[in-house]
Amino acid sequence: MQGQVLIIGSAIVIALFIVIVILHIIRKIEVRYYQNKIKDLEIQRNMVASTPVLVELSKVEPIIKNDKLEEKYNKWQDRFNDIKEKRLALIDDMLIDLDIYVEKKDYKSCDYHIASTEIEIYKVREAALHLLEEIKDITLSEEKYRAIIIKLKVKYRNLMKEFQDHRELYDFMQEAIEMQLENIEKRFLDFEKVMEDNDYTEVVHICKALDIMIDHMEVVINELPDILLMANKVIPNRMKEVESNYKEMEADGFVLDYLNIPYNIEESKKNIDRILTDVKVLNLEGSMFDLKTMLEYYDSLFIDFEKERLSRKVYEEEITAFYKRLNKTNTLVKQVYDQLEDIKNLYDLNDEDVNVIHEVNKTLVVINDDYKKLVSQCDSKSSPYSMLNDETESLSNRLTNLEEDFDQALKSLGNMYEDEMRAHEQLKEIENLLETSKKVIREYKIPIITDSYFVELKEAKEAIEEVVKELSKKPIVIKTLNTRVDTARDLVLKLYHTTTEMVRTAELAERLIVYVNRYRENVEVNKALEEAEKSFYKGNYKESLDLSIKATSIINEEIYRKLMVVYEK
């Protein structure tokens, strides 16, 4: 029992010892963490303090030659002193406070003041860097602006050389350009003077002014010769060519009012005068664009002239071809339209067929009126040929559509006529076939003709009579006529097949009876032959043929097989 108590007590002591050790280690880690934080802030503070503001200020002091720069120098000095003596001192105090919080283990307050210190260091660092940049703008100004001026001088010399090499191209503007170039040279001298005085504020303005002036002169030197050439020669010559072509074409009967050429020429002259006025003061803004637009316009007029010439040629060809087509269509439609009542009396036309012809006639009247208006426009010279050509094409398309509708109507009438003619032809063929059937019956005088044959004959004759009746009707109903013709043809063909088959069968049966008659001494042959003869004289020719063939099988199998082949055909 005592041993167990001793063991439990020892375990508790060990556990407490471990807890104490762990807590001690945690505290040491926390202390080290905050100490490292404070150390990092101190490094940042020292980096701000080591910003080379003072070095740059020392470079400014020897070059102070005017009140503006001296005033700036004094302000920079005050700002630097404020950073060094007040704001950095405040950061030092804040760092000391952080050490105290760590010693007191007031980590909550320590976290808050660490954040405040970081913000303050950031503000001071930005203020110091901004101050340094402002000072460097002065200390590095000479080197920076010298580099800028060197580039501008190179550009200027190139422009001067271009001008001198091609002076004659600048015509009356030579003096104005020279004056502008002299102004640029004066600005270069101004630059040297302000650099001597270390007036870097004014240097900025001079560099900007030089850059703008040289850019402007670059435009002038590069574009002015082309502008003068276009304004004084190219476009005026092009206007003369256009005006000359315009007058010639008008005299030749072309209508060109829609192009407004006289008005546009006057406006172009005004624009050229305006551009030349602006050029005299070296204002070239938009001049090249305006001149190019004018030149493109006059170039496009030659395309319009050529289009009108081509349109005239096409119009003259198309209007002639259209006139011929129109006359032909007028004649055809008039012929059909004048005979429409006769056609209606001849054929049973439906309302659709009649309406199509009426509509074609109405549309044709409109097309004829439009054609006359079109010719009148051409004669009165009130429309350009390009427009007349478009209207001719439109009229041609309308006439084409009308011709298609009319052709369809004629095709319908033509089909009716063809059906009628075909009915007459087929009627002759049917009647000939009927006569052939009668002739076959007459040529082979068979003893008995069955009643069914006469029924077929009667039906065929009646069908032919119906066709004759339909052909004699006015108007003819083509659909009914075609039905009658088909019926008559089928019935006559049926009669013809019946006739030929009956005669063929009777003839073959009769010949077999005659052939087998020589073998009557055979009892079986005699019996079969008697039955065949009875059937033959009763008109049962097929049955008679079957019995006769059966009789031959008794006499000779070979003959029987040959007869069967013939019979089956």
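The values are calculated or read from the model by the stated rules, or taken from the named source; none is laboratory data. A quick note: this is a predicted structure, and the numbers were derived from the prediction, not measured. Virtual Cβ from ideal backbone geometry, glycine too; neighbours counted across all protein chains shown.
Hey, among the residues in the range 293-308 that are of a type in the set (D, E, K, R) and without any contact (Cβ under 8 Å) to a residue 24 or more places away in the chain, which one's nearest to SER244 (Cα to Cα)? Can you show your working first?
Start the filter on the range 293-308 by keeping residues that are of a type in the set (D, E, K, R), which leaves 296, 299, 304, 306-308.
Those still in the list that are without any contact (Cβ under 8 Å) to a residue 24 or more places away in the chain too: 296, 306.
Details: GLU296: 18, GLU306: 14 Å.
Ranking the qualifying residues of the range 293-308, first place goes to GLU306.
Among what's in the range 310-336 and is among the hydrophobic types (A, V, I, L, M, F, W, C) and under 28 Å from PHE254 (Cβ atoms), pick the residue that is surrounded by the most Cβ atoms within 10 Å (Cβ to Cβ).
Only one residue fits best here, namely ILE319.
Examine the range 402-419 for a residue that is at pLDDT below 75, under 30 Å from THR498 (Cα atoms), outside any loop (DSSP other than H, G, I, E, B) and over 36 Å from the mean Cα position of the chain (by Cα), and state whether such a residue exists. So far as the range 402-419 goes, yes, one or more of its residues are at pLDDT below 75, under 30 Å from THR498 (Cα atoms), outside any loop (DSSP other than H, G, I, E, B) and over 36 Å from the mean Cα position of the chain (by Cα).
Given LYS458, LYS469, which one is at pLDDT 75 or above and either out of contact with any strand residue (DSSP E or B) (no Cβ under 6 Å at 6 or more places or on another chain) or at negative phi (or both)?
Numbers: LYS469 fails: at pLDDT 75 or above.
Residue meeting the stated conditions: LYS458.
Here LEU284 meets the list (1) closer than 30 Å to ASN183 by Cβ; (2) out of contact with any Leu (no Cβ under 8 Å at 6 or more places or on another chain) almost entirely, failing just condition (2).
Residues checked against (1) modelled with pLDDT under 75; (2) of a type in the set (Gly, Ala, Ser):
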| residue | (1), (2) |
| --- | --- |
| GLU30 | yes, no |
| LEU54 | yes, no |
| LYS59 | yes, no |
| TRP76 | yes, no |
| TYR101 | no, no |
| ALA127 | no, yes |
